[in-house]
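Data block below; observations after.
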Amino acid sequence: MSAKSLYDCIVKNMANDILSKLNGTHQNFERFEFPDNPSKIIILGTLGDKSKDYSSCIGDETRTLTSVKNNSMSVKFLTKGNNGAIMVKPSLSLYYRVYPSLDEEKAYTEKNYEEIPEKVELAKIWKRHDCEFGPFSINIAKPETECPMNFKPFMNAIKDDENIYKRRKEIESKCLENQTTYEEKIKEFSAGSHSNYDWGGTLLVETEDFFLDNEKLKLVTITVVNETEESNKYETFFFNCNFEIILQSMKIVPFKYEYEYEEHAYHYENYLRCLNCHADYEIERNRIMTKHYAKFEQEKIVPKETINSTSFSFEDLASRENNLVLLEKLYSYMLDYMTSHKNSPGYSDDERYKESVDKFDETTKRFYEGLNVLKKDENALKSFELLNETFKRASRFDKWRIFQLFFILSLIPDIVDKTKRRDVCEILHVHTGGGKTEAYLGCVMFSAFYDRLSGKQFGTTAIAKFPLRMLSIQQLQRIASLFIWAEEVRKDNRIEGEPFSVAYFVGSSEEFPRSTKPIIDKLKKAEREGKEITGKFVDLCPLCGGDVVLDYKNKERYIIHKCKKCSREFLLFYTDEEIYRLVPTLIVATVDKFAGIATNRRLKNIFGGKIDECPEGHGFIPHNDTCEVGLKDKEKCKRKGKLCNVNFRMGPALIIQDEMHLIREGFGTINAHFESFIEALQKEFCGYAPKRIAMTATVSGAKHQIEQLYHKKINVFPGASLEERGNNDFFFEYDLEDDSKVIQRIMVGLKPNLRDNQFASLLTLRYLSEFINNVESHLDPLSQEWNVNSAALREAIGNYKVFLTYHGKKSDVHSMNYYLEAVANSKLKTYKIKPKTLTGDNTLDDIKELIGTVENFSGDPKNNQNVLSIFATSIVSHGVDIDKWNVMIFQGIPRSTAEYIQALSRVGRRYPGLVFVWFYPNRARDLSFYQNFADYHHIIEQKVENIPLSRWAKLGFKQTFTSLFNASILNCMSEVTGEPIYKLDKVNEIFADDENRKKLIEFIKKAYIADSTMIGADYFNAEIPKETEKRLEYLKTYTGGERNFFPNALKDCEDKYYKTQYGMRGIQDEIILKPSDTDLNFLRKALEG
């Protein structure tokens, strides 16, 4: 059996096993012990009794979509004719209580009593009785048909069961000593009368007129209703409820759904609408079969690595003999592909198709433009070769994916000419796990080498930004490893300039402090104690495999990563101070970190401001400013430096935004203002703006988002497929094995009936553990049953022993952890579920530890009879990439489709993934996704919601103005005047000059792009001079004590909008918490004892 078949077999058997336990059809549920009614543990495919029709308890005026009828299920379909007969065959199961066998009672007693008392409780044993009704013949000419379901034969059969439970809760423990005594006692109990079972149900058929595309059709609704009255004497629920609709000669018509995507109209069709169930229409047999779940199998589409059997290895592209020849060949393939599509009939007949072909034509031209730069510019060609040499040494792959190579070539002209296409943001839209990180890192690496070869000796080449602190730790490690190898390549090729370096620029904390002094003190303490501190980003040397530890340069006062084996030192920084004074080659940052420019006059070093060099070797200082590096105790350097006269511009060539779909709403508005400020600042210093690149999970609404965020046009790469994605696509293809498509993920949509979806998620975890246990305990018989190799099955099942659950709230994560014991682990003898949590509270070290745990879990002998589950918030969607995650449970659908796509991509990366989505049963949005589950997943990319974002929101302007006002003085006007401006008296002195006031206003206008023709810009243009003058006047008349730092003087103002932005979440009202007199008295008494 092939690997594909083996993994498909595991996943499908796993899904079937879990579903059969959830709906009670599993053999374990034919007869089972449970202390409560079966409806408390069988939560799928059930119908509650009459009391569970909550929609009947309220008036029509308060009825809502969440007024659920939990006692019925229905299927709707359309047909053209007004006449015709159909057959309906309902089926369901009933549970009733029976007396336990002796073995069952003994097992129950051993489980529940440490010491056996005189009397023990009788185990509650439930027995399943399967029922089939009809078939009912229905004439759809009637508007309503009501068919009572006859339960009498089934109730009689149940009543005839000699073991049916009648009375007594306890039995003397001595009766358990032998079979005869036990049976006599049970016979004695059976002398009484049983519960008065009175199950009832109805099949309802309703027809009404329905218009579709101006055609009159008949809408047929078939419903099964549980009419049983509520009772605490017996189980009143129906289980495993289904019905079969035999349409006979009737033909049904699909429903039609229309929607719009990227200004084009689309539609899809579906034959059925269902409530409290799902159904399949079997066209060949012309029948409808209900089921308890929705399912979608996602076929795996992968980026192409070859075109016409030609691959593009790093080794070949690093070679002067081969690289241009290979690139010319690739260009010729692209021309042939484009020409064939331009000559097709669709090019003239289909507007959408023509747009896609023309877009591909533009991509081809961009590639050729990049190829020509390599031919004409020796530094560019050399940089391309060094880029490939670096990837050859550093990458776990040996070749480029086609789209990656195209993307890099298309960006080369814009990197070489730092003024080219700055009005366009390049959007790289590739599925998560498709290799977009390598694509943008290829651009960064090319740019870094090109900077050095062109004479830029030091300075920042690129900034990569993420909306969240929890960017992928593996991604950070890949970046660090790549730059470590790049530095080796630079040295091997004797390229002049400072060593390549990487910095991690995130929110200040003990883990990522503002200055290096606390870390140096910590390292010195470890040194005195004979200890070492493991590397922050890499703990194993990419070059030799040795252990990496943290160390420091005492004179220069910065932190290094150092390999204990080869003694190489790596410049991987993670304090704010190091970034300002050492201007690293690549800065990996969170978006909101750049709001710090409002209070930090040293950030301008990154964007090309004039700099001095500290005479003590501490790095760079803003021109005419002082070095503030911490030395002993509270002592600081305080030395002034000498101007660095360089013949190159220091500003970064690239700014890359990952997870762009998360830049939205108020956060997006505030970020938009800081982005344009940074761009305006760099243009003032360097004469060019950085080139913008963005990665996103969706391109839906991207044009609007980029226009508002960056005030730019967009170019989406690689763009829409000319045909179906994966089918004759230039960049992507279906992953095939044995000529059949590989299934990447099986998604199962589920709605618990009358139980919450957290309990359902925990129950699913329990059943997953039981499945793993059963497979590993019965490898030989199961391998024969499934026709697979036993050793291969043992190895493969190890890839499914780590589960991931997704939760919208942190409280749900902790609640899962809390209830895990009660719902799951207490019911498992072996294969206990070990829990781990992953939220925004986790540190980088926590994540590294968690990744190690997940990746090594199944290989660790002490975990042979355990499984692992990670309970996570949305942080996991952007923070962790692990091949070992192949089973996932969602507690509810995420808030947005983009987030759902990101979260889904955590599983099924290498092996087929199994995903259970437990919807909230009483939320209208969740119910809509449940009812349209398969259709939604078919067009999921087109259902991504547009990003709400407005640059020109007046509230956004109020929120950011003081911050940009401060930043303009600290970073831009200080450059204009040639001296630092941060003390209040200096501010008043500088802006006593009207010319300086004008310059400040003009720069702030540039920072806001106030001359834009977009609606709303005129308000900004009019308000900027007014708001600037108000603040300057306030500072001029300020008499408070905050004179050393003018932003603090502004903070003293009663107007909250004079406060500086700390982060990008808006200026929050200040709340003062003060204990009451009662509280103070209580505390005083408590302290006094």
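Being more than 30 Å from residue 513 (Cα to Cα) and either touching a residue at least 24 places away in the same chain (Cβ under 8 Å) or in contact with a helix residue (DSSP H, G or I) (Cβ under 6 Å, 6 or more places away or on another chain) (or both) is a property that holds for residue 898. When 465, 491, 525, 531 are checked against the criterion of being touching a residue at least 24 places away in the same chain (Cβ under 8 Å) and charged (D, E, K, R), 465 stands alone in meeting it.
Taking residue 607 as the residue in question, decide whether it is part of a loop (DSSP other than H, G, I, E, B), touching a residue at least 24 places away in the same chain (Cβ under 8 Å) and touching a Phe, Trp or Tyr at 6+ places or on another chain (Cβ under 8 Å). So residue 607 fits the description; yes.
Scanning the range 531-571 for residues that are in contact with a His (Cβ under 7 Å, 6 or more places away or on another chain) and within 22 Å of residue 611 (Cα to Cα) yields 556, 557. Can you confirm whether residue 175 is assigned to a strand (DSSP E or B) and in the same structural domain as residue 88 (by TED's automatic domain parsing)? Answer is no for this residue.
Of everything in the range 1026-1064 that is free of Cβ contacts under 8 Å to residues at least 60 places away in the same chain and of a type in the set (Val, Ile, Thr), the residue that is nearest to residue 987 (Cα to Cα) is 1037. Listed by first and then second residue, the pairs with beta-carbon distance under 6 Å, at least 6 apart or on different chains, first residue in the range 402-423 and without any contact (Cβ under 8 Å) to a residue 60 or more places away in the chain, second of a type in the set (Gly, Ala, Ser), are 408/442; 412/370; 413/370; 416/380. All conditions in (1) at pLDDT 95 or above; (2) in a helix (DSSP H, G or I) hold for residue 746, with the sole exception of (2). Looking at the range 314-332, can you tell me whether even one residue there is acidic (Asp, Glu), farther than 30 Å from residue 435 by Cβ and outside any helix (DSSP H, G or I)? No, the range 314-332 contains no residue that is acidic (Asp, Glu), farther than 30 Å from residue 435 by Cβ and outside any helix (DSSP H, G or I).
Quick grid of which residues meet (1) assigned to a helix (DSSP H, G or I); (2) of a type in the set (Gly, Ala, Ser):
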site	(1), (2)
949	no, no
968	yes, yes
975	yes, no
997	yes, no
1019	yes, no
1026	yes, no
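Taken across the range 80-94, residues that are modelled with pLDDT of 90 or more, within 30 Å of residue 180 (Cα to Cα) and not small (Gly, Ala, Ser) do not occur at all. Out of 730, 771, 759, one residue alone is at pLDDT below 95, of a type in the set (Phe, Trp, Tyr) and not in a strand (DSSP E or B). It is 730. Being loosely packed, with under 14 Cβ neighbours inside 10 Å, of a type outside the set (Phe, Trp, Tyr) and either touching a strand residue (DSSP E or B) at 6+ places or on another chain (Cβ under 8 Å) or closer than 29 Å to residue 543 by Cβ (or both) is a description that applies to residue 320. Contact map, the range 652-663: residues that are closer than 19 Å to residue 584 by Cβ paired with residues that are part of a helix (DSSP H, G or I), Cβ distance under 6 Å, separation 6+ or inter-chain. Pairs shown: 653/415; 653/447; 654/447; 656/440. Restricting the range 143-188 to residues that are of a type in the set (S, T, N, Q) and under 27 Å from residue 132 (Cβ atoms) leaves a set whose member that is surrounded by the most Cβ atoms within 10 Å (Cβ to Cβ) is 145.
With respect to residue 358, is the statement that it is charged (D, E, K, R) and modelled with pLDDT of 95 or more true? So residue 358 does not fit the description; no.
Yes or no: residue 659 touching a His at 6+ places or on another chain (Cβ under 7 Å), closer than 17 Å to residue 692 by Cα and of a type outside the set (S, T, N, Q)? Spelling it out, residue 659 is indeed touching a His at 6+ places or on another chain (Cβ under 7 Å), closer than 17 Å to residue 692 by Cα and of a type outside the set (S, T, N, Q). Identification of strands (runs of 3 or more DSSP E) wholly contained in the range 475-586 with 1 or more residues that are of a type in the set (Lys, Arg) and either within 30 Å of residue 439 (Cα to Cα) or touching a strand residue (DSSP E or B) at 6+ places or on another chain (Cβ under 9 Å) (or both) yields 548-553, 558-563. Looking only at the range 16-51, filter to residues that are among the hydrophobic types (A, V, I, L, M, F, W, C) and not in a helix (DSSP H, G or I); which one of those is nearest to residue 243 (Cα to Cα)? Ranking the qualifying residues of the range 16-51, first place goes to 47. Here residue 674 fulfils each of the conditions (1) more than 23 Å from the chain's Cα centre (by Cα); (2) surrounded by fewer than 23 Cβ atoms within 10 Å (Cβ to Cβ) apart from (2). Among the residues of the range 6-51, those identified as hydrophobic (A, V, I, L, M, F, W, C), farther than 30 Å from residue 110 by Cβ and touching a strand residue (DSSP E or B) at 6+ places or on another chain (Cβ under 8 Å) are 11, 14, 15, 19, 44, 47. Note on the range 196-208: among residues that are part of a loop (DSSP other than H, G, I, E, B) and not hydroxyl-bearing (Ser, Thr, Tyr), the one that is farthest from residue 70 (Cα to Cα) is 196.
Somewhere in the range 840-851, is a residue in contact with a strand residue (DSSP E or B) (Cβ under 8 Å, 6 or more places away or on another chain) and among the small types (Gly, Ala, Ser)? No - not one qualifying residue is present in the range 840-851.
Sub-7 Å Cβ pairs linking a first residue in the range 20-33 that is closer than 16 Å to residue 916 by Cβ and of a type outside the set (Asp, Glu) to a second residue that is in a strand (DSSP E or B) and modelled with pLDDT of 95 or more, at least 6 apart or interchain, are 23/240, ordered by first then second residue.
Yes/no per residue for (1) within 22 Å of residue 912 (Cα to Cα); (2) touching a helix residue (DSSP H, G or I) at 6+ places or on another chain (Cβ under 8 Å); (3) surrounded by fewer than 19 Cβ atoms within 10 Å (Cβ to Cβ):
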| site | (1), (2), (3) |
| --- | --- |
| 783 | yes, yes, no |
| 795 | yes, no, yes |
| 814 | no, no, yes |
| 841 | no, yes, yes |
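Cβ-Cβ distances below 8 Å connect the following pairs, each with a first residue in the range 305-330 that is more than 12 Å from residue 392 (Cα to Cα), a second residue that is acidic (Asp, Glu), and a separation of six or more residues or different chains: 311/305; 320/385; 322/316; 323/316; 323/385; 326/316.
Only one entry in 185, 127, 111, 166 is in a helix (DSSP H, G or I), touching a residue at least 12 places away in the same chain (Cβ under 8 Å) and not small (Gly, Ala, Ser), namely 185.
Please work out which residue is nearest to residue 689 (Cα to Cα), limiting yourself to the range 403-432 and to residues that are in a helix (DSSP H, G or I) and in contact with a strand residue (DSSP E or B) (Cβ under 6 Å, 6 or more places away or on another chain). Of everything passing the filter in the range 403-432, 414 is nearest to residue 689 (Cα to Cα). Annotation note: Cβ proximity below 7 Å between a residue of the range 701-730 that is on the phi > 0 side of the Ramachandran plot and a residue that is crowded, with 22+ Cβ neighbours inside 10 Å and small (Gly, Ala, Ser) (sequence gap 6+ or interchain) occurs for 711/676.
The values are calculated or read from the model by the stated rules, or taken from the named source; none is laboratory data. Quick caveat, the model's predicted, so the values are computed rather than measured. A quick note on method: Cβ atoms are made from the backbone with ideal geometry, for glycine too, and the neighbour counts reach across all protein chains shown.
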